[in-house]
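S.K.: Structure incoming, see below.
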Amino acid sequence: MMRCLNGGFFISFEGGEGSGKTTQISQLAEALKAEGYSIVVTREPGGTPEGESIRSVLVQRDGGDWLPMAEVMLLYAARLMHIEKVIKPAMEDGCIVISDRFSDSTLAYQGYGHGLPLDNIRAIEALTIGAFKPNLTFMLDIDPKTGLMRSHKQLIVETGNKQTEDRFERLNKKFHDRLRQGYLNIAKSDMERCRVINAKQDIDALHRQIKNSVDTALKKQSIVENFKTSLQQEVRISEIDGKR
Ligand code: TMP
């Protein structure tokens, strides 16, 4: 049975290096596909050809050394393309979109991490993407030491110790502590949308917790959708009655 969500649903995954986002995203996508949902998995920076070019500039360090504020502008240029060309169209088709990182990454990395004023980032956000936000955000929380060790090991396995996508990972421990605290602050300020998850749990336990949370949110969304539909029907009936 194919399931289509009226207006779609948008989930983002956030976290520091080595928090296990990618594994959790593919497990969640598989589980939801098995239940008949149409799933679009995407990532930031990236998600469109234009965004992937910006990713190469920022993440693979082949485009010079950008100042944090210039990075923010590039990230939001990529994000705007991502929303308009990929996320919104997929949501309009009733899909669940799952993005590996979204706007919280900019607030956490460029804001809390690099020390750019949060209000300046929010101003650029308001100018480019307005109030567009995910419906649900998972913040995979792990202590930076464990996360960095995990991600370093993975890099060696994937590249045979060649350094590729390491532009942001080579920053120091204090940076990663600020990043973690930043994510926790963001979550505290938006508890309706954000779920902080202990990423040190084993992969399956983590998956179960995430899946339960998604199920609850989807149920709530369909209750709201059904309620809206029945309200619209009532309004239509009373309009018809009024005309009689
Ligand atoms: P990933 O490899 O975890 O997908 O992320 C790529 C890197 O880009 C990661 O080190 C975090 C960084 N990044 C930012 O600094 N700001 C942002 O807004 C985004 C989306 C990513």
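S.K.: What's the total number of residues in the stretch 2-40 that are under 13 Å from the mean Cα position of the chain (by Cα) and surrounded by fewer than 17 Cβ atoms within 10 Å (Cβ to Cβ)?
M.R.: Residues in the stretch 2-40 being under 13 Å from the mean Cα position of the chain (by Cα) and surrounded by fewer than 17 Cβ atoms within 10 Å (Cβ to Cβ): 1 in total.
S.K.: Looking at G51, G46, G64, which is the one that is at positive phi and near the ligand (Cβ under 10 Å from one of its atoms)? Can you show your working first?
M.R.: On the way: G51 fails: at positive phi; G64 fails: near the ligand (Cβ under 10 Å from one of its atoms).
One residue alone meets the criteria, G46.
S.K.: Please identify the pairs in which a residue from the stretch 53-72 that is closer than 19 Å to R101 by Cα has its Cβ atom under 9 Å from the Cβ atom of a residue that is among the β-branched types (V, I, T) and within 9 Å of the ligand (Cβ to nearest atom), counting only partners at least 6 apart or on another chain.
M.R.: E71/T106; V72/T106
S.K.: Another one. Just to check your reading of the model, which residue among I39, I54 is hydrophobic (A, V, I, L, M, F, W, C) and either more than 26 Å from N6 (Cβ to Cβ) or out of contact with any Leu (no Cβ under 9 Å at 6 or more places or on another chain) (or both)?
M.R.: Exactly one of I39, I54 is hydrophobic (A, V, I, L, M, F, W, C) and either more than 26 Å from N6 (Cβ to Cβ) or out of contact with any Leu (no Cβ under 9 Å at 6 or more places or on another chain) (or both), namely I54.
Rundown of residues vs (1) more than 15 Å from the ligand (Cβ to nearest atom); (2) polar (S, T, N, Q); (3) within 15 Å of the chain's Cα centre (by Cα), yes/no style:
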site: H82; (1), (2), (3): no, no, yes
site: M91; (1), (2), (3): yes, no, yes
site: I96; (1), (2), (3): yes, no, yes
site: S99; (1), (2), (3): no, yes, yes
site: G115; (1), (2), (3): no, no, no
site: A126; (1), (2), (3): yes, no, no
site: N135; (1), (2), (3): yes, yes, yes
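S.K.: Something else: Taking V41 as meeting all but one of (1) more than 10 Å from the ligand (Cβ to nearest atom); (2) farther than 16 Å from C95 by Cα, write down the number of the exception.
M.R.: It is condition (2) that V41 fails.
S.K.: Only one of (1) at pLDDT below 95; (2) among the hydrophobic types (A, V, I, L, M, F, W, C); (3) surrounded by fewer than 17 Cβ atoms within 10 Å (Cβ to Cβ) is not met by L58, so which one is it?
M.R.: Going through (1) at pLDDT below 95; (2) among the hydrophobic types (A, V, I, L, M, F, W, C); (3) surrounded by fewer than 17 Cβ atoms within 10 Å (Cβ to Cβ) one by one, L58 breaks only (3).
The values are calculated or read from the model by the stated rules, or taken from the named source; none is laboratory data. Since this is a predicted model, take the numbers as computed values, not measurements. Glycine also receives a Cβ, built like all others from the backbone with ideal geometry; neighbour counts cover every protein chain displayed.
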